[in-house]
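S.K.: Dumping the structure here so I can ask a few things about it.
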Amino acid sequence: MEDTAAPKPASASRTVMTFLVFPEHANALGKAFGGQIMAWTDMCGGICSMRHSAGTTVTAALDDLQFERPILIGDMVTLEGRVNATFRSSMEVEVTVHGENPATGARWRCVEARLTFVAIDDKGRARLVPPLLPESDDDLARIAGATARRDERLARRKPR
Ligand SMILES: CC(C)(COP(=O)(O)OP(=O)(O)OC[C@H]1O[C@@H](n2cnc3c(N)ncnc32)[C@H](O)[C@@H]1OP(=O)(O)O)[C@@H](O)C(=O)NCCC(=O)NCCS
């Protein structure tokens, strides 16, 4: 791997996406289909990781994901992605998904997911990512948490 770039703060790659839930995004109960929420989650996290690493990334892992509350047809879905920590070529990105009722303004959390993205070069090889520049105590706590989770994640990694 080549030399790494200058450190970047998480604020530089923060990614926010909002969608309206249409019938084609929903299941037979009129609730947003879990697979659709997961696809948007992967997309939001992927864009965030690409912004941080200034290039292509692939999804390597998705941690335990739980749907806390449903989002219904006609509701809005807002996803927010931020880089929690960077390692050599990989990054932990946290994506939070909220539902919002456009009529009442009520807003609720649906999902909080953590994904690992690996930056790759044009030959598909892992490449170094810029280090994360912490700007607050919260940033430092996120790095510590992500580092502990990475150890657990890699211990569970399937042998090739
Ligand atoms: C992810 C992938 C690029 C890793 O490639 P690899 O040759 O195994 O690379 P390495 O063992 O050198 O690991 C590269 C990085 O990936 C990380 N990694 C690999 N597998 C991982 C996993 N299951 N969970 C978390 N991190 C993982 C390693 O920790 C390493 O990170 P680091 O450089 O920050 O230390 C490869 O497994 C792959 O292409 N997987 C398929 C990705 C894909 O198709 N995603 C869906 C569509 S985007």
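S.K.: Can you tell me the orientation of helix 137-155 relative to the chain, as the angle in degrees between its alpha-carbon axis and the longest Cα principal axis, to the nearest 10?
M.R.: Approximately 80 degrees, to the nearest 10.
S.K.: How much of ASP122 can a 1.4 Å solvent probe reach, expressed as accessible area in Å² and rounded to 10?
M.R.: The value for ASP122 is about 140 Å².
S.K.: Starting from the residue with the highest accessible area, list SER90, SER11 in decreasing order, probe 1.4 Å.
M.R.: Order by accessible area, largest first: SER11, SER90.
S.K.: Given Cα pairs under 8 Å that are at least 6 residues apart, what percent is the relative contact order of the chain?
M.R.: 28
S.K.: With loop defined by DSSP as not H, G, I, E or B, and exposure as at most 13 other Cβ atoms within 10 Å, which is the longest segment of the chain clear of exposed GluC sites (Glu not before Pro)?
M.R.: Excluding the exposed sites themselves, the longest stretch runs over 69-134.
S.K.: For the chain, what does -39500 (n - 2.57) per DSSP helix run (n ≥ 4), summed and divided by total residues, give at 222 nm, in deg cm²/dmol to the nearest 500?
M.R.: It lands at -8500 deg cm²/dmol.
S.K.: So what's the chain giving for Rg/Rh, alpha carbon basis, Kirkwood Rh from the mean inverse pair distance?
M.R.: 1.01
S.K.: Would you mind working out the magnitude of the charge dipole of the range 21-155 relative to its Cα centre, with +1 at each Lys and Arg C-beta and -1 at each Asp and Glu C-beta, to the nearest 20 Debye?
M.R.: 300
S.K.: Taking the 0 to 90 degree range and rounding to the nearest ten, how far is the long axis of helix 34-53 tilted relative to the main principal axis of the chain, both from C-alpha atoms?
M.R.: Roughly 30 degrees between the two axes.
S.K.: I'd like to know which of ALA148, MET43, VAL21 lies farthest towards the positive end of the charge dipole of the chain, counting +1 on Cβ of Lys and Arg and -1 on Cβ of Asp and Glu.
M.R.: Ranked along the dipole, the leading option is ALA148.
S.K.: Here's something else I'd like to know. Sort the following peptides by mean Cβ neighbour count (other Cβ atoms within 10 Å, averaged over residues), highest first: 52-59, 16-23.
M.R.: Top of the packing list down: 52-59, 16-23.
S.K.: What FRET efficiency comes out for the pair TRP108/LEU65, r = Cβ-Cβ distance, R0 = 22 Å, nearest 0.05?
M.R.: 0.85
S.K.: Work out the FRET efficiency for MET43 and ASP137 from their Cβ-Cβ distance, taking R0 = 35 Å, and round it to the nearest 0.05.
M.R.: 0.70
S.K.: Please list PHE87, PHE67 in order of solvent-accessible area, largest first, computed with a 1.4 Å probe with all protein chains present.
M.R.: Descending accessible area places them as PHE67, PHE87.
S.K.: For the range 30-108, what is the charge dipole size about the Cα centre, in debye to the nearest 20, if Lys and Arg each add +1 at the Cβ and Asp and Glu each add -1 at the Cβ?
M.R.: That gives a dipole near 160 debye.
S.K.: Could I ask something else about it? Which order do you get for LEU29, LEU79, LEU154 if you rank them by accessible area with a 1.4 Å probe, largest at the top?
M.R.: LEU29, LEU154, LEU79
The values are calculated or read from the model by the stated rules, or taken from the named source; none is laboratory data. Because the structure is a prediction, the values reported are computed rather than measured. We place every Cβ from the backbone using ideal geometry, glycine too, and count neighbours over all the protein chains shown. Areas reflect the complete protein model, heavy atoms only, side chains present, ligands, DNA and RNA absent. Shrake-Rupley method; radii C 1.70, N 1.55, O 1.52, S 1.80 Å.
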